[in-house]
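Step one of this worksheet: look at the structure below.
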Amino acid sequence: MKITKTEKIWLAAVIIFYICYNLPFVPPYGLAKATLIHALITLVPLWIAIYVGLVKVCRIYRIRDQKTPGDPGTSSLESAGSKCNSDMKSDTSGK
């Protein structure tokens, strides 16, 4: 699988902001104003980079429904879940 340009930019942005967020002794201990400025400069852009990157990557790699051959209208997980639920109902009704 080839890494796209979007993924490279996303990874670089996340790594840069993560390193900046984890610099030792920044902000100095006990200064509330410096802590808030540090969070605005590093933590907020880190969150934005992560979630915007996730949206862009999810647009590139769409998740497709996997249909079972017997049930054209349901996915394999839905049919397995309904089978499990019906088994549990039959087990509890016999008691």
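The values are calculated or read from the model by the stated rules, or taken from the named source; none is laboratory data. Not measured: the values here are computed from a predicted model. Every residue, glycine among them, receives a Cβ derived from its backbone with ideal geometry; neighbour counts consider all protein chains shown. Quick note on the areas: whole protein, heavy atoms, side chains included, nothing else; ligands and nucleic acids left out. Shrake-Rupley method; radii C 1.70, N 1.55, O 1.52, S 1.80 Å.
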| said: Considering only residues that are surrounded by fewer than 11 Cβ atoms within 10 Å (Cβ to Cβ) and either at pLDDT 90 or above or in a helix (DSSP H, G or I) (or both), which ones fall in segment 1-14? | reply: Lys5, Lys8
| List, please: which pairs have Cβ atoms under 6 Å, are six or more places apart or on different chains, and start with a residue in segment 1-17 that is of a type outside the set (A, V, I, L, M, F, W, C) and end with one that is part of a helix (DSSP H, G or I)? | Thr6/Lys56
| Tally of residues being surrounded by 12 or more Cβ atoms within 10 Å (Cβ to Cβ), modelled with pLDDT of 85 or more and not charged (D, E, K, R) across segment 48-80 | 6
| message | Could you tell me how many of the residues in segment 20-47 are open to solvent by 100 Å² or more (accessible area, probe 1.4 Å) and assigned to a helix (DSSP H, G or I)? | response | 5
| query | Just one of the numbered conditions (1) out of contact with any Ser or Thr (no Cβ under 8 Å at 6 or more places or on another chain); (2) at pLDDT 90 or above is not true of Phe17; which one? | reply | (1)
